[in-house]
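Reading through the structure tokens given below for one structure.
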Amino acid sequence: MIRKTRLFTPGPTPLLPAAQFAMAAADIHHRTAEFRNLYRKVLADLKTFVGTRNDVLLLASSGTGAMEASVANLTSPGDRVLVLTAGKFGERWTGLAKAFGCDVEVVSVPYGQTFDLESVRKALKIETRAVLMQATESSTGVRHDVAGVARILKETGNDALLVVDGITGLGTTHLDMDGWGVDVLIGGSQKAVMIPPGLAYLAVSDRAWEAMEISLNPRYYFDLRKERKNAAKGESAYTPAVALIAALGAALDYIAGQAGGDLALGREQLVDNAETCAAMTRAAVQALGLRLFAPDAPAAALTAVLPPEGMDSGLIVKELRSRFAAIVTDGQGEMKGKLFRIAHIGLFDYMDTIAMIGALEQVASALKFPGFQFGQALTAAQKVFAAESGLQRRSSALAAHAESMTPAAASATTR
């Protein structure tokens, strides 16, 4: 049987064909008017994609580069920072903050869980300089309550900067950077924007720019003030990843095109799509008798699943790859062999999700999952999709009806 390789991984994600074509055609020099026009458009579109009025910068690095830039630009040696960690990427914040000489306090919960907001409140000190967290912890499939943490900072009057790794959160979770008061929000190219690894982007608040002027940690390549100054001229401080920037422009155009040219609406639809695919997958694996690793705060970027009792999750990963060329990921670090992860971020749709669930049923049959019957998972997923589609259709119809009414009639209808 012919097999077509399909990525179901939370990064890199499947590449958008239009972005691949844009990369192939990106034979331009980065100190020309042609590139400056492209760069300005991409930066402007990124603001819309992130959903912010703040400046957004691009760095030729992975998302970890933007995480490091955040620590380097916002802290000084000896500053107290609070890290909220529940997985491998939360632990990365701890390592970065220690590398730059910060006094690190950690609120940690077991893998598969999210933080109790009261524990965050108790850990805050008047001298806390920054709070570092993830929107989604992709090592465990957990979604964290960014809005709740931001609300605690406001309620306590704490001046700490809120820095959020949204690398897998952007495009899979509805985030309101400006409304909530997030100071830095980080994204990566190999996630929801459907292009190869190599670009990081981050939106930076006015408070964060002010903090950079008094922070004392060293920075050179990752000096965000330097990038901001050059971005105002349509340039990067150093040699940019020209082909990836062209690909990013094509990807943002594609997202806008899915919503009739409205990029903000396209972003919302991209998130809703991830939520639907994730809900279908959660229902499917539970119908197979499997348990979710993060049942209380599941992410839409990916679904983390526990294998049947006594089975190594790597066996399921290998079966999906060898039988169907479907690439899912095993657990990371101490979770290797204990869970597998199916992604929904970026260029995944209903058809991809149904195909994955069908393949998982075949693997369940081959590996003799207890109580398995064909159709269990697919039926559960189909029911979720039908319900979600019905809700979306009704929502769209109501919105269209409201737009067609006169302001007075609309007001009367809503009272």
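The values are calculated or read from the model by the stated rules, or taken from the named source; none is laboratory data. Remember, it's a predicted structure, so these values are computed and weren't measured experimentally. Here the Cβ positions follow ideal geometry from the backbone for every residue, glycine too, while neighbour counts run over all protein chains shown.
Points worth noting:
- Among (1) among the hydroxyl-bearing types (S, T, Y); (2) in a helix (DSSP H, G or I); (3) crowded, with 19+ Cβ neighbours inside 10 Å, the one test that S322 misses: (3)
- From G249, G198, G234, G261, residue being without any contact (Cβ under 8 Å) to a residue 24 or more places away in the chain and not basic (K, R): G261
- Flag if M356 is over 19 Å from the mean Cα position of the chain (by Cα) and either outside any helix (DSSP H, G or I) or of a type in the set (D, E, K, R) (or both): no
- In the stretch 146-173, of all residues being touching a residue at least 40 places away in the same chain (Cβ under 8 Å) and over 10 Å from the mean Cα position of the chain (by Cα), the one that is nearest to S62 (Cα to Cα) corresponds to V163.
- Pairs where the first residue, in the stretch 304-320, is without any contact (Cβ under 8 Å) to a residue 24 or more places away in the chain and the second is among the polar types (S, T, N, Q), C-beta under 8 Å, 6+ apart: V317/T329
- For the stretch 281-304, taking the residues that are of a type in the set (G, A, S) and either over 21 Å from V271 (Cα atoms) or not assigned by TED's automatic domain parsing to the domain that holds T329 (or both), the one that is surrounded by the most Cβ atoms within 10 Å (Cβ to Cβ) is identified as A287.
- In the stretch 24-42, the residues that are within 22 Å of Q258 (Cβ to Cβ) and surrounded by 20 or more Cβ atoms within 10 Å (Cβ to Cβ): L38, V42
- Hits in the stretch 86-106 - residues which are of a type in the set (A, V, I, L, M), closer than 26 Å to T303 by Cα and buried (at least 20 other Cβ atoms within 10 Å of the Cβ): A86
Residue by residue, here is whether (1) outside any helix (DSSP H, G or I); (2) among the hydrophobic types (A, V, I, L, M, F, W, C) holds:
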site	(1), (2)
A192	yes, yes
P197	yes, no
N217	yes, no
R225	no, no
R228	no, no
S236	yes, no
A259	yes, yes
A279	no, yes
A294	yes, yes
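- Only one entry in I126, I152, I167 is β-branched (V, I, T) and loosely packed, with under 15 Cβ neighbours inside 10 Å, namely I126.
- Verdict on Y201 being surrounded by fewer than 16 Cβ atoms within 10 Å (Cβ to Cβ) and either under 12 Å from L58 (Cβ atoms) or among the hydroxyl-bearing types (S, T, Y) (or both): no
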